[in-house]
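Questions regarding the structure given below will be posed in turn.
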Amino acid sequence: MTTTALRQFALSTLLTAGLPMSARAVSDLEFFEQKIRPVLAEKCFECHSADSKSLKGNLLLDSREGFLKGGDTAPALVPGDPEKSPFIAALHYADPETAMPPKKAGGKLPENVIADFSAWVKAGAPWPESKTAKKNSKKFDLAQRRDEHWCWKAPAIHALPSVQRKDWSRTSSDAFVLAKLEAANLSPAPEADRATLLRRVTFDLSGLPPSVADLNAFLNDKQPNALERVVDRLLASPQFGERWARHWMDLVRYAESRGHEFDPPIPNAWQYRDYLVRAFNADLPYNAFVKEAIAGDLLPARLQAGTGANESVLGTGFWFLGEEVHSPVDIRQDEVDRLDNRLDVMGKTFLGVTIGCARCHDHKFDAISQKDYYGMMGVLVSSSQRLVRFETIEQERVAASEIAKLSIETGPALLKLYAQALRPTLERLPEALAKVRLQSEGKTASETFTEEIKSPWGEELTRAKASPAHPLHALASAWLAPKPTPINAQNPPTTAPSSPPVIIADYTHSNATPFLQDGLAFGLTPTQTGAPLLGASFDKPLAGIVQQSSARRQDAWKDITTKGDLDPGTLKDYPRSGQSLRTPEFTAGGGSLWYLVRGAGRAYAVVNSHLMIQGPLHGKTLTKWTDSGRWEWVQHRLETYQGHRLHVELMPDGAGDFEVAMVVESETKPPLPECFSGAQEAAALAAGGGDPAHALQRVLGDTLSAMESNRLADAPGLSGFADWMVRSLDLLCPPASPERNALSANARHTVERYQTLCASFKRQSQVATAMFEGSGADEFLLKRGSPKTPMAPVPRRFLEAVSGPQALPLTEGSGRRELAELVASASNPLTSRVLVNRVWHHLFGKGIVPTVDNFGVLGQAPTHQELLDTLAVRFSSEMGWSLKTLLRELVLSSTYAMASVPADALAEEKDPENALLHRMNLKRLEGEAIRDSILAVSGRLDLTAGGPSVPVFMTAFMEGRGKSASGPLDGNGRRSVYISIKRNFLSPMMLAFDTPIPFNTMGRRNVSNVPAQSLVLMNDPFVVQQAGLWAAKLPSNQPPEAKLRSMYETAFARTPLDEEIRDALAFIHDQATALGVSTSEPKVWTDFAHVLFNAKEFIHIN
Amino acid sequence: MPLCNHSNSGFGNRRDFLARAAGGFGALAFSALHPQSVFGAAKAAASGKATSPHATHYPGKIRNIIFLYMDGGPSQVDTFDPKPRLAAENGKPFGMKMEPTQFNSNGATLASPWEFKQHGQSGIPVSSLFPCVAQCVDDLAIVRSMTSEFSEHTNANYFLHTGSGLQGRPSMGAWMGYGLGTENADLPGFVVLNGGLIPPGGLDNFNSGFLPATFQGSIFKPGGEPVSNIKPTEAQAALQLRKLELTRKMDRGLLARFGAMDQLESSIMNAELAFRMQAAVPELMETSGESAVLKAMYGFDAPMPQTRIFAQQCLQARRLIERGVRFVELTCPNAGGDRWDQHGKLREGHENNARAVDQPIAALLKDLKACGLWESTLVVWAGEFGRTPFAQGKDGRDHNPFGFTIWLAGGGIKGGTIFGSTDEYGYKAVDKPLMIHDLHATMLHLLGMDHTKLTFRYSGRDMRLTDVHGEVIHDILS
């Protein structure tokens, strides 16, 4: 097309579209790209492009040729003549047969869009053949992108560049900086004076100003390594961890509430914050830190010194610091959004790449495919939230293992001891039963049923008769009738269900189902039929015998309690923590869930990992039931979640026995298997026929033999009798009898060992939000990011550009452990670079890569790549991933020691952005550091570390649902890192000074200039209050000049200039006069303190 | 009629200001400082954009927006979108497939308890909930086919305000400020006049997200202290002034020692602005100079206290745009019955909410005309979604994002128009369905900005208020 034609085209389309003439900047090419191609891509390409799965009507609409060639019928358009173009007629829905796009693609296009198409056809249907078009149609080539962009290449150590000024460099970093300066013909700024340097390094490492004592000590220290000692002191101070934890909190969008309508708390979020503080103070190697964040629950536990608490699991709290939506109507969309945020935060924080951009399509610019995105999302999808008993979980793990061992070691012997003690009762059995029979003899049926027969045996049989689950039920029914009858084998076979149930979890066979749980309450494995249950009393060395293999809450865990916040909302009443049995992930098929359980319990169906259950919409995901005293199927109706992915957490309700045998999905109630219904026991009794008393004698005799030979598991039904005998010890083997005494004496040692083990872990544990490992599931690739268009699942893996396209080598579990290894690997080109760059950013005010969270194509290029690479490699090798080692080296460098005033004015012209670091950057203190400084100089600072946050002070402007009580104006003097961060009630002072809104990774804070900042410092009651405190602690007998000198030193770590002293004294005099008081009056000094807070020097470090 | 004084701001350049400032900082009284150059400097703001007025992509038709935010979601079928079929089938099972709703306790078809009548020359029907606004119907462009992606308040609020359902994106007012800069150096460019209710999602609905904090919405409260920390704590102005003068000297010393660094300079300048705001804000809020007749028209004497609150807000909205504030959003007063969110007691709740806003809104429209601000101001009335045409329980309506009504009026708007339609039950938009992005695109367009070009680089992407969506609604433009 000629240029003129193009111009006409532009004009005509713009007139058609009714846009003002001034919008005519769009060229034809842009018009096509903006108005035509996107609509084609969205509405037509699914069925009419080379990439279509099945091409409809043989019509290609992804090129001009395709349009002109047309499909099965005729050319789709006539260039220049929209009226004769079938394509345009189809858009107008002229004929229902050919109306396009179809309903499923959104139906008829808006009129203005159709008008765009008409205009386009009228103009000759121009289709750019330019580079742009080629670029757009070009396939996403991951390998090419990886090879073309620096960040994917492994960093290497570079040789030190040669420099002219041989005496300037103190560290290897300096040489790289200096070489670039010299190449640009720039000189580094002179070294900052010592006071400036002290103030700078003290803020950078501790977030607080140096005290006057620190200042004087440093100024008077003439030793050559004075600065090194200051740095070592600061790195060792507890305030170091607080300072650097806050930096990290910006990355993981730390908050203590979930935002949204009611801003519910994230339970115990502060435990994660304290974990960070401890990790930075302990200088946890960064690669270990990364692994703990991603999979701290799956690694060998790193224990807290002293308490033995599991420290590493706390690292996983970061996944759950984001928003949670209560009652989303589209629960799956909500899950995808939550996981997207987690993945995005993880990618930016650790890898410095925007994985989130590959949610809807392959990344537009970086070597990140949509498959990468969903391969990584799969790693997250089966892991969910829990409140981990981190304090006691490792003790519990040891106890559970020891108890299991003890049970295996001593079980057979105990069974034998019991058999010996019980054997004599067999002889007395017919007589005892006959007595009961005599008592009931002659009574009417109703009398026998209603009136309890007064003897231990009579009571037991009455109970047995009333309870179908009792192993003696069949016997009692026959025996306590007005006339004895033969024992009946009960339970006629139930009709088989119309369709067989789908088994979700089966705990009746070990290893049939992954044994997943939060905590150790269910032991290490399901319990096995016939296994003895250790007892804690000398009188009764066994608590019972396992009747049916199942997941059984162990007795030693019946009285565990938690300390700390529980889940908000309806989940609060669900005692999940430390005693949840977790089914594998599965997709709901549309029937009810049925739990085969014994004992009171509760179940939480974690549909799409939805947590914020509140209101009626998803209340059905929770259910509970009472103890019926027998095995039963409990129904959980979840029909509405057909097609959704979920797992179920089952937990005991109260201290009674709690056992789970199976979880199935079925439209109708499944039949109760024989071994759960008591039918086997009845059959055993009925088998030999004859007199019931002798039948019982025979069966119990068989049971004792099986106990002696530890073969209960092989004899159907006998475990029930064994359990009954063990539990009925007082009836069968009376206390103080010789047999009983012998039993107690011989079992004494085992009971003692069991008691010791039970007491070996604390019953109450602090809990913290952490990951709960699931059974693993691959996520579907979601076309255009929409859960409504799932494509094939993507095998779980890491970024192809880093570790290749192969799936993670997984046998079980989510894959987080494997992912953590890949992220934290020294061969990963991103991780160490990103961290080194973050440290550089905080110390120098700007990263070597200024876009600290984005190393991709759209990020900024490194200003000193050789320096970055060298540091990155040294960090992960020679420095052993030690943050403190890295920091120490950098703050002792000549680069760091430069003044913020340039060597000469020309430098600012040549390097206006200070990209080459010809001087130190001036830094505005963060909101937290400003507030902490105010507290420090006023003397109010309370350096207490850790613990639950102090509630934020609620100003009149902090309103909304979920508002809680206000905290104190001064936050009890605690450092800002310990003030609560509620998403919907963020501190206005922090917001004014650019503390990030916690929704995504923010490695580089805004540094804005807003009047609200000045208004805070001028008029905020907190600031005024602290000025008063400062003034009040000044020695009243000090002469004014001495006072203000010390205040200058406290506020700015320097002595005032003569001119400043003059101005200040004049102010003191004038203000005192205006107030009508003497110059020693604290009010006057309060005003002066307030002035110092408002001076720009107070909130800047140079 | 009131005095409609348009504030005149002449715009100088920052270097001039600095030259003067460096020459005689102390001598210049704070209030005498040139207003424009103050609000953050180009290089210091993370965006690289200053807040002074920018050239737009093309000449805008309007300069200001007043956004009347109807928190909770007013019912379309009870206000501006009459559906006779609801009356015909009242109490019968609903005739369409129901989507999941927030509470899933869906009842029968529910007729509107209010009568609709045609008004004005256009004959557009309005329900008896809005007798005063109905008098202005010829000025309104009523969009009956708005949709949202979310049927839950917080998501939907974020979506309405930021174009995204999640927390943390910049609010539309912040985007407009970012795109246009401000015309009044004594006031923020984006003001939220808070009537008492904070919408679900909290103040983040008005935040600047990843845009520099300069652009965040400033919350002004009715009565008392309207802006956080705006009241000096000193007993007399002279005491504060003396403190500020000493601060000034110290800062000047700092500049002398460090050189003229942008960051410090702009920080110093925003202290000046803060000082001026201490005077400008109370002056703004002080309405004693407005005539009694005008105030009565707004509803200052209305029997219902909430009407009186909203009347103040509407009048202050006019005063704000008069003073060059670009984007003014009004939130509703608490009229009882939980905002416009009538899950039950529809009649009582909607009546109270409508009574609180009807008269003041109509007065605002008339006043804008009288003041000559009509052509340069867009007024938008919108909730975050509509309500279901079937009942929730017996007498409520649940959230309905599938089709609801908003209206626009003022500069560039074709009054007396109806755009789009819902189905015969008023449940889903069927003709010309729109997205919130289209509203945003239209607002930007009227201000002279191409929504596809107003971008901010963040997180590796050129972010837009309209994300990757949005079409200007040309049919309602004059």
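The values are calculated or read from the model by the stated rules, or taken from the named source; none is laboratory data. Note that the structure is predicted; figures quoted are calculated from it, not measured. Positions of Cβ are backbone-derived with ideal geometry, glycine not excepted, and every protein chain shown enters the neighbour counts. Just so you know, the surface numbers come from the protein's heavy atoms only, side chains and all, with ligands and any DNA or RNA stripped out. Shrake-Rupley method; radii C 1.70, N 1.55, O 1.52, S 1.80 Å.
Of A:LYS1083, B:LYS394, which has the most accessible area with a 1.4 Å probe, and how do the rest follow in descending order?
Details: A:LYS1083 95, B:LYS394 180 Å².
Descending order: B:LYS394, A:LYS1083.
Using a Förster radius of 60 Å, what is the FRET efficiency between A:ALA742 and B:MET98 based on their Cβ-Cβ separation? Nearest 0.05, please. Kindly include the intermediate steps, with their values, before the conclusion.
Numbers: r = 73 Å, r/R0 = 1.21.
Taking R0 as 60 Å, the efficiency between A:ALA742 and B:MET98 is 0.25.
Measuring from centroid to centroid over Cα atoms, what is the spacing of region A:582-619 and region A:290-355 in Å?
23 Å
Buried by at least 10 Å² relative to the chain on its own: which residues of region A:1024-1061 qualify, computing accessible area with a 1.4 Å probe on protein heavy atoms?
Buried by 10 Å² or more upon assembly, which counts only protein chains, are A:VAL1024, A:TYR1048, A:ARG1054, A:LEU1057, A:GLU1060.
Report, ordered by chain and residue number, the lysines lying within cross-link reach of A:LYS1033, taken as a straight Cα distance under 23 Å and ignoring same-chain residues fewer than 8 apart.
A:LYS1043, A:LYS1083, B:LYS243
Treating the beta-carbon of each Lys and Arg as +1 and of each Asp and Glu as -1, no other charges, what is the dipole magnitude of region A:666-768 about its Cα centre, to the nearest 20 debye? If you can, show how the numbers build up before the last one.
Numbers: 9 positive and 11 negative charges, 117 e Å.
Value, rounded to 20: 560 debye.
Also, quick follow-up: How large is the dipole of region A:155-215 about the Cα centre if only Lys and Arg carry +1 and Asp and Glu carry -1, each at its Cβ, rounded to the nearest 20 debye? Kindly include the intermediate steps, with their values, before the conclusion.
Working: 7 positive and 7 negative charges, 16 e Å.
Charge dipole of region A:155-215: 80 debye, to the nearest 20.
Round to the nearest 10 and give me the degree value, 0 to 90, for the angle of helix A:111-122's Cα axis relative to the longest principal axis of chain A.
In chain A, helix A:111-122 runs at an angle near 60 degrees to the longest axis.
What FRET efficiency do you get for B:SER421 and A:TRP150 if R0 is 51 Å and r is their Cβ-Cβ distance, rounded to the nearest 0.05?
On the way: r = 55 Å, r/R0 = 1.07.
Efficiency at R0 = 51 Å is approximately 0.40.
What accessible area, in Å² to the nearest ten, does a 1.4 Å probe give for A:VAL329?
40 Å²
Determine the share of region A:150-269's accessible area contributed by carbon and sulfur atoms, expressed in whole percent, with a 1.4 angstrom probe.
Working: 2490 of 4560 Å².
Within region A:150-269, the accessible surface is 55 percent carbon and sulfur.
May I pose another question? Nearest 100 Å² is fine: what is the total accessible surface buried where chains B and A meet, probe 1.4 Å? Please list the in-between numbers first.
Details: alone 18890 and 45280 Å², together 57120 Å².
The contact between A and B buries close to 7100 Å².
Rounded to a whole number, what % of the accessible area of region B:332-416 do carbon and sulfur atoms account for, probe 1.4 Å?
47 percent
Protein chains only, probe 1.4 Å: how do A:LYS180, A:LYS558, A:LYS1043 rank by accessible area, largest first? Don't skip to the answer; put the middle values down first.
Numbers: A:LYS180 85, A:LYS558 60, A:LYS1043 5 Å².
The most accessible residue leads, giving A:LYS180, A:LYS558, A:LYS1043.
So what are the radius of gyration and Dmax for the Cα set of region A:134-261, in Å?
Values for region A:134-261 (Cα only, Rg and Dmax): 22.4, 69 Å.
Roughly how many whole Å is it from the C-alpha centroid of region B:421-478 to that of region A:1038-1063?
About 58 Å separates the Cα centre of region B:421-478 from the one of region A:1038-1063.
Taking N as the number of residues in region A:647-775, what is its alpha-carbon radius of gyration divided by 2.2 N^0.38 Å? List each step's numbers first, then the result.
Values: Rg = 20.4 Å, N = 129, 2.2 N^0.38 = 13.9 Å.
Normalised Cα radius of gyration, region A:647-775: 1.47.
Then there's this: Taking each residue in A:922-931, count the Cβ atoms of any other chain within 10 Å of its Cβ, then average. What number comes out? Mind showing how you got there, number by number?
On the way: counts 6, 1, 4, 0, 0, 0, 0, 0, 0, 0.
Going residue by residue through A:922-931 and averaging, the value is 1.
Of all accessible surface on region A:657-776 at a 1.4 Å probe, what whole percent is carbon and sulfur? Before the final figure, lay out each step's value.
Values: 2290 of 4470 Å².
The value for region A:657-776 is 51 percent carbon and sulfur by accessible area.
In nm, to one decimal, how far is the A:ALA826 label point from the B:GLU115 one, both placed 7 Å along Cα→Cβ?
8.6 nm
Using only the Cα atoms of chain A, what semi-axes does the equivalent ellipsoid have when each is the square root of 5 times a gyration tensor eigenvalue? Give whole Å, largest first.
Values: eigenvalues 868, 424, 139 Å².
Equivalent ellipsoid of chain A: 66, 46, 26 Å, largest first.
Any idea of the accessible area per residue across region A:996-1067, 1.4 Å probe, to the nearest Å²? Walk me through the intermediate numbers first.
Values: 2570 Å² over 72 residues.
The answer is 36 Å² per residue.
Here's another thing I want to ask about it. Just how large is the dipole of the protein assembly as shown about the Cα centre, in debye to the nearest 20, putting +1 at every Lys and Arg Cβ and -1 at every Asp and Glu Cβ? The partial results should precede the final answer.
Working: 164 positive and 172 negative charges, 225 e Å.
Its charge dipole is roughly 1080 debye.
When the Debye formula is applied to the Cα atoms of region B:180-223, each taken as the same point scatterer, what base-10 log of I(q)/I(0) results at q = 0.20, 0.26 Å⁻¹?
Log-scaled intensity ratios, in q order: -0.69, -1.00.
Using a 1.4 angstrom probe and counting only protein chains, how large is the accessible area of B:MET297 in Å², to 10?
Solvent-accessible area, nearest 10 Å²: 60 Å².
Continuing with the same structure: Once Lys and Arg get +1 and Asp and Glu get -1 on their Cβ, which of B:HIS469, B:GLY411, B:HIS451 lies farthest toward the positive end of the dipole of region B:405-478?
The residue sitting most towards the positive pole is B:HIS451.
Related question: Label-point separation (nm) for A:ARG463 and A:ASN488, each offset 7 Å from Cα along Cα-to-Cβ?
It works out to 2.4 nm between the two label points.
Related question: With runs of 4+ DSSP H residues as the only contributors, calculate the mean residue ellipticity of the protein assembly as shown at 222 nm using -39,500 (n - 2.57) per run, divided by the residue total and rounded to the nearest 500. Walk me through the numbers on the way to the answer.
Details: 51 runs with 590 residues, N = 1580.
After summing the helix terms and dividing by residue count, I get -11500 deg cm²/dmol.
Hey, another quick one. Take the alpha carbon atoms of region B:331-384, find their center, do the same for region A:789-866, and report the distance between the two centers in whole angstrom.
Distance between centres, Cα-based: 50 Å.
Over region A:797-922, average the accessible area per residue using a 1.4 Å probe and give it in Å², no decimals. Write down the numbers at each step before the final one.
On the way: 3880 Å² over 126 residues.
For region A:797-922, the solvent-accessible area averages 31 Å² per residue.
How much accessible area does A:GLU909 have with a 1.4 Å probe, in Å² rounded to the nearest 10?
Its accessible surface works out to 140 Å², give or take rounding.
Could you order A:THR626, B:THR101 by accessible surface area, starting with the largest, using a probe radius of 1.4 Å? Working shown, then result.
Numbers: A:THR626 110, B:THR101 5 Å².
If we order A:THR626, B:THR101 from most to least accessible, we get A:THR626, B:THR101.
Nearest 10 degrees is fine. How inclined is helix A:1082-1094 to the longest principal axis of chain A, computing both from alpha carbons?
The answer is roughly 80 degrees.
Once the Cα atoms of helix A:238-251 and of chain A are each reduced to a long axis, what angle between those two axes, in degrees from 0 to 90 to the nearest 10, is obtained?
The two axes meet at around 90 degrees.
Separate question: Can you pull the Rg over Rh of region B:341-443, Cα-only, Kirkwood? Walk me through the intermediate numbers first.
Details: Rg = 15.7 Å, Rh = 15.5 Å.
On the Cα set of region B:341-443, Rg over Rh gives 1.01.
While we're looking at this one, here's another question. Taking 1 over the mean of 1/r across every pair of different Cα atoms in region A:712-753, what Kirkwood radius in Å do you get? Can you show the working numbers first?
On the way: mean 1/r = 0.0856 Å⁻¹.
Its Kirkwood hydrodynamic radius stands at 11.7 Å.
Continuing with the same structure: Could you compute the FRET efficiency for A:ALA50 and A:GLU909, with r as their C-beta to C-beta distance and R0 at 51 Å, rounded to 0.05?
Working: r = 54 Å, r/R0 = 1.06.
Rounded to the nearest 0.05, the efficiency is 0.40.
Among B:LEU434, B:GLN76, B:ALA317, whose Cα sits farthest toward the positive end of the charge dipole of chain B (+1 at Cβ of Lys/Arg, -1 at Cβ of Asp/Glu, about the Cα centre)?
Ranked along the dipole, the leading option is B:ALA317.
Taking only protein heavy atoms into account and a 1.4 Å probe, give the accessible area per residue of chain B in Å².
Numbers: 15380 Å² over 478 residues.
For chain B, the solvent-accessible area averages 32 Å² per residue.
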